[in-house]
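The values are calculated or read from the model by the stated rules, or taken from the named source; none is laboratory data. Every value quoted in this text rests on a predicted model; they were computed, and no experiment measured them. Heads up, the Cβs are rebuilt from the backbone with ideal geometry, glycines too, and the neighbour counts pull from every protein chain shown. Each accessible area value is taken on the protein alone, full model and side chains, heavy atoms only, with ligands, DNA and RNA left out. Shrake-Rupley method; radii C 1.70, N 1.55, O 1.52, S 1.80 Å.
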Amino acid sequence: MRVVTVGDNCIDDYEELGISCPTGNSVNVAVHLSRLSVPVSLVSVTGNDYYGEQMLSFLKKHNINLSFFKQKQGNTAITKMALKGTERIHTKYFEGVLENFQLNQNDMEFIAEHDLVHTSFWGKINHQLPLIKQTGVQIVYDFSVKLENAEVKAILPNVDYAFFSYQQKDAYIEAYMKEVYQLGPRTVIVTLGEKGSIAYDGNRFYEADIVRVPVVNTVGAGDSFIAGYIHGLVNGKNIQECLQSGANIASKVVQVFNPY
């Protein structure tokens, strides 16, 4: 099964520490999938500045198809970061060349050659999802914490696997997952931070605990969980096994500073 990730990529810049890190939802998922030996492509755009070169250099170290990863004149997307204990705080975001990112016909044809596409709320292609859906490619979508955003209901009919982030398992989230399922996805998955994850397939709820390890930071844990879940899908695993696969990969990320 071939996977393509589409959308946001950026450099996390820690000015106080004097370090920067290539990241972004599409990048994180692609890198983890590559490390899990899943054939993966990345469709996005970066700038031709120093940070763009840093992004390209980083991606080329991994076995990712970059034939549709473009570099354009302008600034690379940058997220200014700060540390608060083990939590990393996003302080400012500069979108750069990503501001006008959208898929052209060649991009769409390339994506259609894959079995599964992953994107997110920040992927810039919400309006093009119906066209991707028509090709038969399965769509994995990360809504993150945007449960009550007005766009969610319009996006869901085009999604096969819908990921959300929430704080705990309660009556609200169970009712929400049932409502989401009725709008189109075959499976609804919610990560609950240190409280594990749950999934709903229209018949029953599934639950999985986290893998308990020392935590250095939690940034990138959600993206790595999704990559682990996709790895389960690629290998024909059931929902329970996919949740556990996600937890296994996320546990490795929270033990290190970078999201890989």
Scanning region 51-66 for residues that are open to solvent by 40 Å² or more (accessible area, probe 1.4 Å) and within 20 Å of the chain's Cα centre (by Cα) gives LYS60, LYS61, ASN63, ASN65
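If a residue must be modelled with pLDDT of 95 or more and assigned to a loop (DSSP other than H, G, I, E, B), how many such residues does region 62-85 contain? Let's see the steps before the verdict.
Let us first name the residues in region 62-85 that are modelled with pLDDT of 95 or more, namely 64-78.
Narrowing the set further to residues that are assigned to a loop (DSSP other than H, G, I, E, B) leaves 66-68, 73-77.
Counting residues in region 62-85 that are modelled with pLDDT of 95 or more and assigned to a loop (DSSP other than H, G, I, E, B) gives 8.
Within region 1-19, track down each residue that is over 10 Å from the mean Cα position of the chain (by Cα), within 26 Å of LEU83 (Cα to Cα) and part of a loop (DSSP other than H, G, I, E, B). First the steps, then the outcome.
Narrowing region 1-19 to residues over 10 Å from the mean Cα position of the chain (by Cα): 1-4, 9-19.
Next, from what is left, pick out any that are within 26 Å of LEU83 (Cα to Cα): 9-19.
Once the filter is applied, which keeps residues that are over 10 Å from the mean Cα position of the chain (by Cα), within 26 Å of LEU83 (Cα to Cα) and part of a loop (DSSP other than H, G, I, E, B), region 1-19 yields ASN9, GLU15, GLU16, LEU17, GLY18.
Residues being open to solvent by less than 70 Å² (accessible area, probe 1.4 Å) and free of Cβ contacts under 8 Å to residues at least 60 places away in the same chain: count how many of those fall in region 144-167.
14
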Which numbered condition ILE198 fails, given (1) of a type in the set (A, V, I, L, M); (2) open to solvent by less than 10 Å² (accessible area, probe 1.4 Å); (3) under 25 Å from ALA77 (Cα atoms) = (3)
Of the conditions (1) over 23 Å from LEU116 (Cβ atoms); (2) surrounded by 16 or more Cβ atoms within 10 Å (Cβ to Cβ); (3) not basic (Lys, Arg), the single one that ASN48 does not satisfy is (2)
Test set (1) touching a His at 6+ places or on another chain (Cβ under 8 Å); (2) touching a residue at least 60 places away in the same chain (Cβ under 8 Å) - TYR141 fails condition number | (2)
Hey, among the residues in region 196-228 that are modelled with pLDDT of 65 or more and among the charged types (D, E, K, R), which one's farthest from CYS21 (Cα to Cα)?
-> ARG204
Which of the residues that make up region 5-45 are touching a helix residue (DSSP H, G or I) at 6+ places or on another chain (Cβ under 6 Å), open to solvent by 20 Å² or more (accessible area, probe 1.4 Å) and of a type outside the set (A, V, I, L, M)?
-> ASP8
Taking into account only those residues within region 96-120 that are under 18 Å from the mean Cα position of the chain (by Cα) and surrounded by fewer than 17 Cβ atoms within 10 Å (Cβ to Cβ), which is nearest to PRO185 (Cα to Cα)?
-> ASP115
Qualifying positions in region 153-204 - touching a Leu at 6+ places or on another chain (Cβ under 7 Å) and in a loop (DSSP other than H, G, I, E, B) = TYR166, GLN167, GLN168, LYS169, LEU183, GLY184, PRO185
Restricting region 169-195 to residues that are farther than 24 Å from LEU129 by Cβ and in contact with a helix residue (DSSP H, G or I) (Cβ under 9 Å, 6 or more places away or on another chain), the one least open to solvent (accessible area, probe 1.4 Å) turns out to be LEU192
